[in-house]
Each structure stands twice: as structure tokens, then as C-alpha cells.
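Presented below is the structure to which this report refers.
The values are calculated or read from the model by the stated rules, or taken from the named source; none is laboratory data. Not measured: the values here are computed from a predicted model. Methodologically, a virtual Cβ is constructed for each residue, glycine included, from the backbone with ideal geometry; neighbour enumeration extends over all protein chains shown.
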Amino acid sequence: MKTRMLIATAALGASAAPAFAHLDPAEHGSLAAGLFHPFFGADHILAMLAVGLWAAQIGGRALWAVPGAFVAMMAVGFGLALAAVPLPFVEPAILASVVALGLIVAIAVRLDVAPAAAIVGTFALFHGHAHGSELGAAGAWQFAAGFTIATALLHVAGIGLGITLARLSSNGTLTRLLGGVTALGGAALILG
């Protein structure tokens with residue numbers, strides 16, 4: 001069973017290709033567009049799941065505080081973009097977040113909740129800014145509500161996956177392996 005899950009996880013990670021979640025701004029502006037947007041970009045999926053996996057590795061208050069910090073700072077980044085406040089290196093920072101969060105999970109970095117929340121919050125600022133800078137003003141708040149909900153759902157999925165993998169592998173090997181696959185997926189996005 002464990003071998004099959006490992007193979008399936010590795011196959012899914014290896015099959016991830018850049019999906020370019022950053023759509024034509026004319027297509028944005030609705031709750032539905034916001035809900036579906038994060039599910040069409042490997043960068044979003046990998047980073048959001050990694051946040052959940054890391055929160056599950058840390059446990060305790062981190063289960064809600066780490067993803068909560070991501071969602072809150074993503075909203076701040078979105079607001080900054082709507083206010084036309086520039087943020088340098090947005091796309092490189094997003095790609096770096098996938099690699100970094102994957103490595104954090106692979107290495108099983110144990111931090112207190114506050115520094116962990118600060119790390120994911122920093123990355124979230126860039127993710128939110130990308131959403132806001134692509135959108136323009138039409139339907140911004142409906143779109144923001146949608147991608148915020150979707151992001152939280154991906155975090156919950158990562159937490160659930162992390163808890164499940166911890167039960168299947170008491171030493172955390174499966175979660176760490178998935179972190180490594182995430183980092184490799186991020187590297188592939190950078191090189192792709």
C-alpha cells in the first residue's frame with residue numbers, strides 16, 4: 001500500500017506541467033473565476049499544498065495559524081496590487097516559493113508558529129500581488145473572495161494529506177518525499 005501511494009504521488013508530481021494560471025484579465029472578475037483560478041496553475045497548487053503539509057508537520061496552532069497567515073497576507077498583496085503599489089520580482093518570488101516550501105517540507109523544518117507564519121506570509125504577499133496586478137478593477141472583490149476560498153481549500157487539502165501521510169509513515173518519510181517532489185516541480189516550472 002505504501003509503495004503504491006509513493007508511486008502514485010511521484011507520478012502525479014512528475015506529470016505536473018506549467019498550466020499558466022494567470023489568465024486574460026478580461027476573463028476575471030467573478031466569484032467562479034476566482035474559485036477556479038488557483039486550480040489551473042501548478043505554481044499555485046504546489047505552493048498551497050506545501051503550506052498545508054508544513055502546517056501538518058509542525059502541528060498544534062500551526063494547523064490554522066500558518067495557512068491563516070498565508071491567506072491574510074495574500075489578501076494584503078492583492079490589495080497592494082489594486083492600489084498600484086509595485087512589488088518587484090513577483091513571478092520569480094512565486095516560483096521560488098514553490099521550491100522553498102517544498103524544501104522546507106522535505107527537510108521537515110520545525111519552527112515556532114510565528115516564524116513559520118512569517119515565512120509563508122512573505123511568499124503569500126507575492127501570490128496575492130500577482131492575482132491583483134493581472135485583474136484590473138472589474139469584479140475585483142468577487143474574484144478575491146473566490147481565490148481566497150480556493151486557496152484555503154488547497155491548504156486544508158495539504159493539511160489533510162499531511163496528517164494522512166504521517167499516519168502511514170510515522171517517521172514522516174512520505175510527507176518529506178512529497179516535499180521533495182514539490183521542490184522538483186517548482187524547479188521544473190523555473191526551467192520550463
If we keep just the residues of segment 132-147 that are under 11 Å from Ala33 (Cβ atoms) and crowded, with 20+ Cβ neighbours inside 10 Å, which is modelled with the lowest pLDDT?
Leu135
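Which residue out of Val71, Val76, Val98, Val105 is touching a Lys or Arg at 6+ places or on another chain (Cβ under 9 Å) and assigned to a helix (DSSP H, G or I)?
Val105
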Among Phe78, Phe70, Phe89, Phe39, which is the only one that is aromatic (Phe, Trp, Tyr), farther than 18 Å from Leu174 by Cα and without any contact (Cβ under 8 Å) to a residue 40 or more places away in the chain?
Phe89
Can Gly180 be described as more than 23 Å from Val76 (Cα to Cα), surrounded by fewer than 21 Cβ atoms within 10 Å (Cβ to Cβ) and within 17 Å of the chain's Cα centre (by Cα)?
yes
Starting from residues that are of a type outside the set (Gly, Ala, Ser) and closer than 12 Å to His127 by Cα, keep the ones in segment 64-80 and report whichever is surrounded by the fewest Cβ atoms within 10 Å (Cβ to Cβ).
Val76
